[in-house]
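**Q** Can you read through this structure? Questions will come right after.
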């Protein structure tokens, strides 16, 4: 009993030190690939002080990259090309092979304004066309349109997974580490009402959402880290510096 009490006291003191009564601003991307994380954080947060401190700041990846670099948000999934100097705990948005939601269409060359990493990935892979990411890419994929899947092409050329984003933080490293371990250890089941809401917002069917999520993983282990390191190396070698390359997150 004394040992349990001591552990509880230590955890409470850690949380008090982490939060100090301040709000935690979390950058939220409303793409389907993060639906399992949103389900998890809602359940996880209710059992911690994190829930009482959490506030969302919504945006697309390219916008949240800037907000995070300017310290207007405390934590977010940051595009991998701009995340190499940030603090993270081994959680990201990963495609082992196909990704379905990062495509190049056979049109004139055009970058996706919502993206940072995917536009550079197309350049590294020497793929010409219109880059399309996120839920709009999924709608195009399920419509049967002609495309090149950039995740699949990366794996074909490297035999490695591709890390599209990393869960980063400025100051809340202890909580992020605990949260990350719990997230990747748990199989997330999407509640029916959240699945239907995601379907309504994205104009994808529930079956399409469930099918798509089978292609997304979140643990950044040794093999994923090798894929990420290779991507950063290839970008640097080609002089494709990220727009926030001069900003350090520590």
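FYI, it's all coordinate maths here, none of it is from the lab. This structure is a prediction, so every number in the text was calculated from the model and none was measured. Glycine gets a Cβ as well: all are built from the backbone with ideal geometry, and neighbour counts include every protein chain shown.
**Q** Using just the alpha carbons, could you tell me how many Å³ per residue the convex hull of segment 23-237 encloses?
**A** 116
**Q** To continue, here is another question. Modelled label-to-label distance, residue 127 and residue 185, 7 Å Cα→beta-carbon offset: nm?
**A** 3.6
**Q** Given labels modelled 7 Å from the Cα in the Cβ direction, how far is it in nm from residue 238 to residue 197?
**A** With each label point 7 Å from Cα toward Cβ, the separation is 3.9 nm.
**Q** So for segment 23-237, averaging the separation of alpha carbon pairs under 8 Å that are six or more residues apart and normalising by length, what relative contact order in percent results?
**A** The normalised contact order for segment 23-237 reaches 28 percent.
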